[in-house]
1. Give the calculated FRET efficiency between Q112 and I74 to the nearest 0.05, with a Förster radius of 41 Å applied to their Cβ-Cβ distance.
2. Starting with the highest mean, order 79-88, 32-41 by the number of other Cβ atoms within 10 Å, averaged over the residues of each peptide.
3. Using amide H atoms built 1.01 Å from N in the peptide plane, name the residues 5+ places from R121, or on other chains, whose amide H lies under 5 Å from its own.
4. Go through the stretch 92-108 residue by residue and turn each phi into a ³J(HN,Hα) via Karplus (6.51, -1.76, 1.60, θ = phi - 60°); whole Hz please, and just put x for glycine and proline.
5. Using the Karplus equation 6.51 cos²θ - 1.76 cosθ + 1.60 (θ = phi - 60°), what ³J(HN,Hα) coupling, rounded to whole Hz, does each residue of the stretch 70-87 give in order, writing x for Gly and Pro?
6. Residue by residue through the stretch 120-129, what is 3J(HN,Hα) from phi via Karplus (6.51 cos²θ - 1.76 cosθ + 1.60, θ = phi - 60°)? Round to whole Hz and write x for glycine and proline.
Amino acid sequence: MEINANYGKSLDDVTIPTSQRLAGTKLGQQDFLKVMVEQMRNQNPLEPQDNSQFFSQMVQFESLDSMTAMSRAIEKLVEVAGLANGSALIGRNVTALVDGGADPVTGMPRGQQAISGVVSRVTFENGSPIVHVGNMSVPASKVLEVS
């Protein structure tokens, strides 16, 4: 019985050289533009691409560009809103859940525990506000109560 070496691989795995494969799964503007240029390069000169098809692809390219810009703007808006909400907690007493860490005797995780204190400052890490209560840094999403 012969086993096919390509079994379980996608079409891209077989047809696209490793050096030209994308690292992630997201396609961007450059990828769309490359495909469009290759289509134009490889079209049949006796039957060139219809202008309406070319226009349709250009509209798709512009739509992709607009959606990408809108997505970036929304991400920034969410970050600013998170920072504004976090900064409103400065000087306020909060209760938050934090990881209890490992038990020093058994090494087993302790689970979450509630802490309370006054927020001294707010920082922004990895797109999320972090509130500082005493010597603890707590993601703002873990705050349960503000007083």
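1. That gives a FRET efficiency of 0.85.
2. By packing density, highest mean first, the sequence is 79-88, 32-41.
3. Residues meeting the amide H criterion: H132.
4. Rounded to whole hertz, the list is 9, 7, 10, 10, 9, 9, 10, 5, x, x, 8, 5, x, 7, 8, x, 7.
5. Coupling constants for the stretch 70-87: 5, 4, 4, 5, 5, 4, 5, 4, 5, 5, 5, 5, x, 5, 5, 5, x, 5 Hz.
6. Here the 3J(HN,Hα) series is 8, 7, 10, 10, 10, 10, 6, x, 10, x Hz.
Every number here is computed from the coordinates shown, using simple stated rules; none is lab data. Since the model is a prediction, treat every value here as computed from it, not as a measurement. Glycine also receives a Cβ, built like all others from the backbone with ideal geometry; neighbour counts cover every protein chain displayed.
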